[in-house]
Structures are given as structure tokens and as C-alpha cells.
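The structure appears right after this line, and notes come after that.
Please treat every number below as a calculation from the coordinates, not as lab data. Everything numeric in this text was worked out from a predicted model, so none of it was measured. Using ideal geometry, Cβ is built from the backbone for each residue, glycine included, and neighbour counts are taken over all protein chains shown.
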Amino acid sequence: MTAETIIQSLASGLLMGLLYGLIAVGLALIFGLMDVVNFAHGEFLMIAMYATFFLFAFLAVDPLLAAPLVAAALFVFGAAVYLLIVRFAVRAKANAGMVQIFSTFGLAIVMRGLAQYFFTPDYRSVTHSYLGGKTVSVAGIFLPVPQLAGAAVSVAAFVGLYFFINRTDFGRALEATREDAGAVALVGIDKNRVFALGWGLGAALVGLAGAIMAIFFYIYPDVGASFALIAYVTVALGGFGSVFGAFAGGIVVGLVEASTALILPPSLKSVGIYAVYLLVVFIRPRGLFGSI
Amino acid sequence: MTITRRNVLLGATATAALLPVAGRAQTTEVVIGVTYPFSGASAQQGVDAQKAYETALEVINNKYDFDLPLANDEGLAGLGGAKIRLVYADHQGDPQKGRAEAERLITQEKVSAIVGTYQSAVAVTVSQTCERYQIPFVSADNSSPSLHTRGLKFFFRAAPHDEMFSKAMFDFYDAMKKKGTKIETLALFHEDTIFGTDSANAQTKLANALGYKIVADIKYRANSPSLSAEVQQLKVANADVLMPSSYTTDGILLVKTMAELGYKPNAIVAQAAGFSEKALYDAVGDKLEGVITRGSFSLDLAAKRPMVGKINAMFKEKSGKDLNDNTSREFMALIVLADAINRAKSTEGEKIRAALAATEIPGEQTIMPWKRVKFDEMGQNNDADPVLLQYIGGKFVTISPPQAAVAEAVWPMK
């Protein structure tokens, strides 16, 4: 094993990890806000990828330009999912936890089924784009441009999110609602509005990730499943509810996955992720940055 | 849907009680179960397979001027012109769902035989279930060599398995070496279910026996979000030939990642699966000029055997695609099974099994480049000669074996 191999693997792992973080942050945001795990998170990613694909296929919009549009569309979609489904699910008098799980889980199955019905199960790809297939090579280390762009978007999104949560009124309202959803009503904050915007924001972030991923990944109705699983681990590793934990968790997952594949057969590379996760659960059950 | 033990028992008893009556009565239709992934990661394969079976059904149930068994009259003459009806069941690529669906087809839909299943891992459970109920299972497009060596009496496969396919690849390497091409090292890249594992085992065995060196043997997890670490290892190994055994999703990601990491092998010789699929070439065909894949089918055959072109046209009208490695095998599986039922003059499992075992269809009466269809005592057809196809200028050209080849191989690939 040469130094070049190790650096290449870690570089690929870091780029992928930043993207995992961007995929997971919406999940962490929504969970942190209202303690609901969105089991349709992978399907949010899937429709974002399809939206990007269709913008490309019918209107020849490059995925890079489509990204803001897709994020905006997903924002509306996420808010609508809260207002039409989750809002009612959290009101359940009995077994509220189960009702929440099944409502988003059911949504995931419906979305997958509809995607298969309307888009067919065929595998789609964005065949040409500004960034697709381009690669920069530094001293024998290859860095694919789409993943570099994904990493840049991810870092930018997290910086933006940091300022948004800490410096704006809405960010403070978000934090306050998270602290005590009952008390904020007393100071005139509409809980439903904050929750809907939180869902919108979470969905918009995964929309951003989906648009970038459409450049280099194949698209089909079940594409969300494997990424959703990683997103759940990322969130649990980084700390439930911690937005920046998702960022750190993503990087850890990406790096651990890449370095496991250096040591063990690649088919076992996810073993490394889960081993690290178990270790974290053992030593620090609330996750690396968890505050709960 | 859940199937309780009692339902199964009831179903089995009912089937057993009804069978002799059904056998004696005038049969007007024969029901055959077809199980494929119609949802999940490989749903497109199921959708395409359905079109292939519909094409075969049309040929069997109607009158056509093809030199194929059962094409020349309507329905099955041996059963008084009975028509075949297909019942589709979705196994989602999951072996346990495959088992449950096979039970349902047998006990509730009362099928006389089952064909399937695309994934070899599902064929394992479906064929075991069929064996238990003494119903023939015809494996259309599963290629794992271990499937027919499990001592099952009701298992039949007309198409080649991956040892035969891999043998064809190594015969081709030997021939290329004689012409002065340097082929010494191989890199195996295979997914982690029975298909990839069996394929890699067969290839390892052949490589060792024939003196080729395997410099990388990479087993990866199917539907991985990323293959960069895997491709990095392939790149370091830099073998003369890369030999992937991958389904469509991983195939697309493999080719994209190879381009991203600047890895360009001299040659790729693929164990079909994803590398036979239009979706893969739509996505990354521009990076695959000169890729070689094994196949059981070649459209080049249409020049010699016009019905191949006509049947391809019938299929294309339904699916919008040309027949490929998978859909051609699916088409033939139903023809072979229907031919046996016709000769059995019965819908009883044991009689169909006996007729299948006595099958002898000459190669000219198939749409395949095979010598003939004749099953050995394990239910495998050893006279199904595979071909190697090379992707040149947007279509597949047969390059091996010599008797089927229409062009010389381009080596190295572009």
C-alpha cells in the first residue's frame, strides 16, 4: 500500500463524507426541532434527483443551475409534508411515537411507488453537464470535480446554516421552539409556522444534495434507500438534533468508510462505520456533538 | 400478505386433492407462474422480462411461421389446443419474498410450473419451494453454477451458467494470446451475493488452471453509495483485463468512478448482467467503447436465421428495446417449458418434469447460438454455447467463438 493510495482513499472519503453530511443535516434539523425522525428522508433525496434529471432532460438545465430551483421546490414540498401529514401525526393522542414513525414511513413507500409508476423503474443519468466526468489531478491524486463541487456546496450550506440559526430572528425562533414548543406560543411565535419552515429548510438542504448527486450518480426510485441508512448513522453519530454534529458525523463516516476499505475487503467497508458508531454509543451515547 | 402454516397446509392438501381431477379433465388453459423483481432496485429487469414472456406467449398461443416449437399452431396441440396463461409475482429481489411468492403461486394460483427469477439468490429459494411441491422450476436467466448442483429433480436451465460463460472468456484469452496479445494478469470485481461470488469462484478456478494471475479480487457490497476505494485498488493493481460481475446500478457507478479516478484498463470483459442493459450504455456508453461482455444471445444471428430478427421486432414493439442477453433467455425459457408441457399432454408436475428431462430441441429451432437444448441429469443444458460481444459504435458485435464471430476483437479498448 503506497502513500498515494492512502491519500487518494482519504481524499475520496473526505469528499464523500462532506456530501453525507449535507444529506444528513436536514434529518438532524427536523429531529432537533420536533423530535420526529423523517423516515422518508431518502425519498426526499430521490425526488430531488429526479427533479434535477427532468430539468436536465426536458429543459436542458444544467444540474448546477438547477440546484437552487430544486432546493426551492423541495422547500415547498417539505413544508407541505409537515402541514398535510406530520402536523396531524404529532397530535395523535395515543402512541404518538408510532404514529409519527408510520406516517413518514408510509410516505416513503407511497413516494417510492409513485416514482416507480410515473417515472418507471429504469435507471436514469444526467449524461452531460458542466462538471460531469471532469477530474482534477494533483500529484497523482484524482479529485472528481462533481464531488469537489458537492463538498464546496456542503461547506457553504453549513456556514450559511450557522449564520442563519445564530444571527437571524427566525433562527432564534427555531432554537426557542426547539427548547420549549409550548412556551414560545406565549411570546407570540406560531409553532406550526416554525415547524413548517423547519421542514422546508431540511428538505431544501437534501434537495441541494440531490441536485449535486444527480451529476455523478444513477437515479431510480429506490436510490434514496442506501443514502438514507448512512444519513441515519451520520445523525446518530454526530448527535441527535445537532446540525453541526451532522457535518462532523458525515466527515467521520466518509473517512472511516474509506479507511476501512483499505484494511478490510471492500464488501465490509460499512462494518467500520457501524463499529465506530457502536464505540460512540458506548462511550458517549448522545453522539459526538449531541446536547440532549 | 402473510401466509400461515395452516394456509399452506390447506393449500397443499387442496392441490393434492384436485390434481388428479384436473389431470383427467379437459384442460383449456395451462397456468405458469413468472416471478421477477417488479419493484425495488432491479424492477426494470422485471418490467423487461414481462415483455419477453408476453412475446413468447404470443408466439405459443397464436399461429406464426417460425421454425420454433409450438409457433405453427394455436396453443398446445398436446392438450387439445389449450392456451397458456401467465401469472406474475413480484419477489423484489429478496430470496425470502421469492419463497413466499412461489408458495402462493403453487398453492393459490395453482400454477403447473414456475419460471424466473433474474437474481440467482432468489432462484435458490424459489427452486427449493418448487422441489418441495414437485413442480418444475425453469431457470431462465440465473447464471450461478451452484444452482443446478444441489440435487434438485425439478430444476431445469436451458441457458449457460457462469462456469460456461467464464470458460468462453478464457478460451478467448487463449486465442488472443496465440495472436500475440499480452494477457497475463486479471482483476476480478464482483458483487457480494451468490451471482458475483459464484462468478468470481468460476473465474478464479479457470485462471489458476490456465496460468493467468489474479492481481486483484475485489468483492464489493451491491448498491454501494460509493465505489472509489474499490476502483482505487483496481487502479493500483492495473491488470491486463478487468472482469466485472455487476448488476446495472453498480456497473454504472463503477464506470463513472473509473473515469473520475483516471483508471483506464486495456480491456474489460464483463459477466453480462448490468453490462447487457441499455440503461448502463445510455448512462456511460461513451466511456465503454470496446467493452466486451459475455452473452447467450447475438442479434448478428438474424442474418443467418431471419426469425431472430422478426421476434426481436415483436419484442421491440412492446418494450422499445432490442432483445438482450437476459430477455432472449427469458423468451426461450417459456418456449422450452411450453414445449415440454405440450409433449407431457398434462399439467401434472411429475409428467412435465419427465417431458422436460426428455427435451431435445435442435439449435436451429431456437433464437440462440446454441447447439441444442438437452438437459443433463442435473437439469443443466450443456450444449448452450455462449458468445462474447463487443460494444463498438453503439452496438454489440459478436467476436467469439470463431464459428459465431462476425468481426475481430478490438484490443485494447479505446
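Segment A:134-172 and segment B:154-174 have Cα centres separated by 48 Å.
Taking other Cβ within 10 Å of each residue's Cβ, how do B:169, B:258, A:49 sort, fewest first?
On the way: B:169 25, B:258 21, A:49 29.
Listing B:169, B:258, A:49 from fewest to most nearby Cβ atoms yields B:258, B:169, A:49.
Between residue B:58 and residue B:87, the FRET efficiency from the beta-carbon distance, with R0 = 22 Å, is close to 0.85.
Give the dimensionless ratio obtained when the Cα radius of gyration of chain B is divided by 2.2 N^0.38 Å. Intermediate results must be reported in sequence, preceding the final value.
On the way: Rg = 21.2 Å, N = 414, 2.2 N^0.38 = 21.7 Å.
Relative to the 2.2 N^0.38 Å estimate, chain B comes out at 0.98.
Per residue, the average separation of C-alpha pairs within less than 8 Å and at least 6 apart gives chain B a relative contact order of 17 percent.
Globularity index of segment B:365-414 is 1.44 (Cα radius of gyration / 2.2 N^0.38 Å, N = number of residues).
On a full-extension model of 0.36 nm per residue, what is the gain between residue A:185 and residue A:229, subtracting their alpha-carbon distance, rounded to one decimal in nm? Spell out each step's value before the answer.
Numbers: separation 44, 0.36 × 44 = 15.84 nm, distance 3.50 nm.
Using 0.36 nm per residue and subtracting the Cα-Cα distance, I get 12.3 nm.
How far, in degrees from 0 to 90, does helix A:269-283 lean away from the longest principal axis of the Cα atoms of chain A, to the nearest 10? It works out to around 40 degrees.
What's the FRET efficiency of residue B:360 with residue B:132 using the Cβ-Cβ distance as r and R₀ = 30 Å, to the nearest 0.05?
Working: r = 28 Å, r/R0 = 0.94.
Plugging the Cβ-Cβ distance into 1/(1 + (r/R0)^6) gives 0.60.
Modelled spin labels at residue B:175 and residue A:84, positioned 7 Å past Cα toward Cβ, are 5.9 nm from each other. Mean per-residue shielding of peptide B:215-228 is 6, counting Cβ atoms of other chains within 10 Å of each Cβ. For segment B:39-63 versus segment A:199-227, the inter-centroid distance based on Cα atoms is 32 Å. Per-residue 3J(HN,Hα) values for segment B:338-352, derived from phi via the Karplus relation 6.51 cos²θ - 1.76 cosθ + 1.60 with θ = phi - 60°, read 5, 4, 5, 4, 4, 6, 5, 6, 7, 10, 7, x, 5, 5, 5 Hz in sequence order (x marks Gly and Pro).
Within the protein assembly as shown, all pairs of alpha-carbon atoms sorted by distance into 20 Å bins from zero give the percentages 17, 45, 30, 7, 0. Within segment B:274-339, the GluC sites (Glu not before Pro) that combine a DSSP coil assignment with at most 15 other C-beta atoms in a 10 angstrom radius are B:289. Reported to the nearest whole Å, the Cα centre-to-centre distance from segment B:391-414 to segment B:116-135 is 35.
Going by how many other beta carbons lie within 10 Å of each one, how would you line up A:29, A:255, fewest first? Intermediate results must be reported in sequence, preceding the final value.
Working: A:29 27, A:255 21.
Neighbour counts put them in this order, fewest first: A:255, A:29.
Here the sum of -39500 (n - 2.57) over DSSP H runs of 4 or more residues, divided by the residues of the protein assembly as shown, equals -18000 deg cm²/dmol at 222 nm, to the nearest 500.
Under the combined filter of DSSP loop state and at most 12 neighbouring Cβ atoms within 10 Å, segment B:163-202 retains none of its chymotrypsin sites (Phe, Trp or Tyr not before Pro).
Can you sort B:87, A:76, B:126 from fewest to most other Cβ atoms within 10 Å of each residue's own Cβ? Each step should come with its number before you reach the end.
Numbers: B:87 16, A:76 13, B:126 29.
Listed from fewest to most nearby Cβ atoms, that is A:76, B:87, B:126.
Expressed as a fraction of 2.2 N^0.38 Å, the C-alpha radius of gyration for segment A:3-283 is 1.00.
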